[in-house]
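These notes are about the structure you will find just below.
Please treat every number below as a calculation from the coordinates, not as lab data. Since this is a predicted model, take the numbers as computed values, not measurements. Quick reminder, even Gly has a Cβ in these numbers, built from the backbone with ideal geometry, and neighbours come from all protein chains shown.
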Amino acid sequence: MTHSFIKNPVKNQAHSAKRVGILGGGTAGATIAIRLAALGLETYVFEKNKSLIDGPPMCHLHAGGNLYREIPDEDCVALLKQCIDILRLYPYTIDVRPTVFAVPTRDEGLPEDLLPRLDILTDAYRKLIAEDANNKVLGEPENYYQLYSHEQLIALSEREQVTVPRSVDEWMIPVAKYLDLNKVKFPLIVVQEYGWNIFRLAASAQLALADYEHAHVFTDTQVKQVMPVDCENCSNADHHVTKWRIDYQQAASSETPLTTESETKNTTESIEVDYLINACGFRTGVIDDMVGVKVTRMVEFKSSYITHWDDTGGQIPEIIVYGSRGTPEGMAQLTPYPGGYFQIHGMSKFITLFNDGLVASSKDSAQPKLPPQYVHYIEDGWDKAPLQARSQQAIDYVAEFVPTFHSARTVGNALYGGQQIPGEDDTLRVADVSLYSNIRYARAENVKASSTLIAADQIVDELTELGLIDHDTPANRNRYAHEWAYLTKNDSMAIDEVARTLAEQRGFPLAMADVNHGIGGTTLKGFNTANDASATEI
């Protein structure tokens, strides 16, 4: 994304519409911006990177949270609801294929332990469809999960693999052929948890915001400082702020036809806003310190690794092998992309996690301090040798359960970053927003990207309470009907084009910007979308 995307540069502030400043253009910041710009608020987004949504590794729509055996059932139901909601905002980001969950023989757990939760999730999905038929985006409720016995898999292993699976049985043929069935317990569980493509998500957000004249996006931009403009009783804990000043600096290389000469010399510009939203991801605490908010959080550096495997024989589902997080036998996650590319998570400290990668805030600062090495990786990219070593370890780890995966090769790519975790519970997987009404400040901390639209709703409610917007408007009702303006003007081919550009800019294979199976035409009828002949119905 470039600054030519900005419809109205911040020069003339003499207009009556209320202004909101959003610091951070990740999934939270971008989604909140879409929500607020649709309501007519002058919405200013400041993002350090060159494009939106370029953050921690993500690849999976946690529609039920089944990767996380340790979290409560109610959190899993919340994740299901949030995923359906976010899918309806970003339908062209989804790769429709099942996820296979296997409990390894070395694990103390049993597949049967998961069944009560899966039944709860099936009922919850059924209720969501009863509330709104357009919530049926994961297929029929009775097909939300299926079980496969050892005998069924032996039979499937003798069938010929199909290049493009059209049924769950066909998806399971390569699993039956490639998974070492002696190392897993039965039944295997197949769940309609889909893939979620970060390049397509960034492209969708970019196109959505480009459609709003009220959206002003500054990428490649550093926020230098935020300060209250009019602070009453500032020395008191219950002081009030009604305006904030954001001082920011655009990179000199970002000159476009819409920037002036002064804007290309790394000069500091300022804007005043009526409400400030902190969506800075793992740097959230930096802004908390500027604002003067005391809060406890952790930050974790994590990485996934991109590999290429020629020997799949066709498309395969995502495969999860459960394990104990942080141990040498942590969960293995093999996520497919088009073109034979695979993203690997291995939840051990030799692959995705790091011995010193989890840090906490202190009494002196709300910002946890990652070791400099990981900050260097985030800002400048991985060093080649450790990236190669961990990528190969990831391949070897998956190959313990999928022996033919030994032929996969590293490609020198990773999806990685810092993830903030509010509080002191590093198993937390559901979080949204904290509101400070007296100082007109909100902090969005989303452990999972699917939480972002719910966070945006909470901020809208807060802005309504503060009298900054009206709640009962057609634009607000459109959100709950998922009538998003950009979906009426862009189809999956438009997303393809932007997503491929972003993948190339970020140094990833172009194939990773695509999906094997887009949301099909039948499902899209409920999305109010542009005519889309390119989606594959499955």
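Below is a table of values for the structure above.
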read-out: Alpha-carbon spread of segment 352-462, three principal axes, descending order, Å; value: 58, 30, 24
read-out: Cubic angstrom per residue, convex hull over Cα atoms of the chain; value: 142
read-out: Sites LYS294 and THR464 - FRET efficiency at Förster radius 41 Å, r taken between beta-carbons, to 0.05; value: 0.90
read-out: Lysines whose Cα lies under 16 Å from that of LYS369, excluding same-chain neighbours fewer than 8 positions away; value: LYS294, LYS302
read-out: Cβ-derived FRET efficiency at R0 30 Å, ASP383 paired with ALA252, nearest 0.05; value: 0.65
read-out: Angle between the chain longest axis and helix 115-131 axis [Cα atoms, degrees, rounded to 10]; value: 50
read-out: Spacing of the two label points (7 Å from each Cα toward its C-beta) at GLU142 and GLU400, in nm; value: 3.9
read-out: Relative contact order, percent, the chain [alpha-carbon distance under 8 Å, six or more residues apart]; value: 21
read-out: Cα long-axis angle, helix 198-210 against the chain (0 to 90 degrees, to the nearest 10); value: 30
read-out: Positive-end residue of HIS471, LEU80, GLY314, charge dipole of the chain with Cβ unit charges; value: GLY314
read-out: Gain on full stretching of the segment that runs from ASP73 to THR473 - 0.36 nm per residue minus C-alpha separation; value: 140.5 nm
read-out: FRET efficiency, 1/(1 + (r/R0)^6) with R0 51 Å, evaluated for VAL164 and ALA481 via beta carbons; value: 0.95
read-out: Gain on full stretching of the segment that runs from PHE350 to THR267 - 0.36 nm per residue minus C-alpha separation; value: 25.6 nm
read-out: Protection-proxy order for peptides 311-318, 468-475, each taking the mean of Cβ atoms within 10 Å per residue, highest first; value: 311-318, 468-475
read-out: Range in the chain, longest, excluding exposed trypsin sites (Lys or Arg not before Pro) [loop by DSSP; at most 14 other beta-carbon atoms within 10 Å]; value: 370-488
read-out: Amide N proximity, segment 275-308 versus MET227 label position 7 Å along Cα-to-Cβ, cut-off under 20 Å; value: 275-278, 286-293
read-out: Relative contact order %, segment 86-166, counting alpha carbon pairs below 8 Å whose residues are six or more apart; value: 18
read-out: THR327 versus SER149: modelled label distance in nm, points set 7 Å from Cα along the beta carbon direction; value: 3.0
read-out: Crossing angle, helix 452-465 versus the chain [Cα axis fit, 0-90 degrees, rounded to tens]; value: 30
read-out: Contact order relative to length of segment 267-391, as percent, for alpha carbon pairs under 8 angstrom and 6 or more apart; value: 27
read-out: Only Lys, Arg (+1) and Asp, Glu (-1) charged, at Cβ; the chain dipole about Cα centre in debye; value: 680
read-out: Label zone at SER437 (point 7 Å along Cα-to-Cβ), backbone N below 12 Å, segment 463-496; value: 463-467
read-out: Whichever lysines have a C-alpha closer than 20 Å to that of LYS50, once near sequence neighbours (fewer than 8 apart) are set aside; value: LYS7, LYS224, LYS265
read-out: Net lengthening on full extension, ASP310/ALA133 (0.36 nm per residue, minus Cα-Cα); value: 59.7 nm
